[in-house]
1. Working only within the stretch 27-47, note down all residues that are in contact (Cβ under 8 Å) with a residue 12 or more places away in the chain and within 22 Å of SER75 (Cα to Cα).
2. Would you pick out the residues in the stretch 27-61 that are among the β-branched types (Val, Ile, Thr) and either modelled with pLDDT of 85 or more or in a loop (DSSP other than H, G, I, E, B) (or both)?
3. Which residue pairs have Cβ atoms under 6 Å apart, sit 6 or more places apart or on different chains, and have a first residue in the stretch 1-26 that is at pLDDT below 85 and a second that is surrounded by fewer than 11 Cβ atoms within 10 Å (Cβ to Cβ) and in a helix (DSSP H, G or I)?
Amino acid sequence: MVCHLLKKYFHKAGIDPSRITVHSLRHTAALLRKEAGDDLESVSDFLGNSTLAVTQTYLHKIETRQDVSWFKVSSLLGLS
């Protein structure tokens, strides 16, 4: 249900819904919390991960990946 609604609203916003998943929102929330100053333990607690190592691996994967669509997203959100 949530996935269907998410894709519907991304489509309405002009964002390719096939590239967005509920799990990608989890990645975004984790990264934003870290960038906002949360320490690794706080992010891990927020995500409900079993260990800090899982969170560290999770964040490392998304931090090293270049986000080429952020400008478009920030524009849609009125942040740029």
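1. The answer is HIS27, ALA29, ALA30, LEU31, ARG33, LYS34.
2. Within the stretch 27-61, VAL43, THR51, VAL54, THR55 meet the criteria.
3. So the pair list comes out as VAL22/VAL2.
The values are calculated or read from the model by the stated rules, or taken from the named source; none is laboratory data. Remember, it's a predicted structure, so these values are computed and weren't measured experimentally. All Cβ positions, glycine included, derive from the backbone under ideal geometry; neighbour counts span all protein chains shown.
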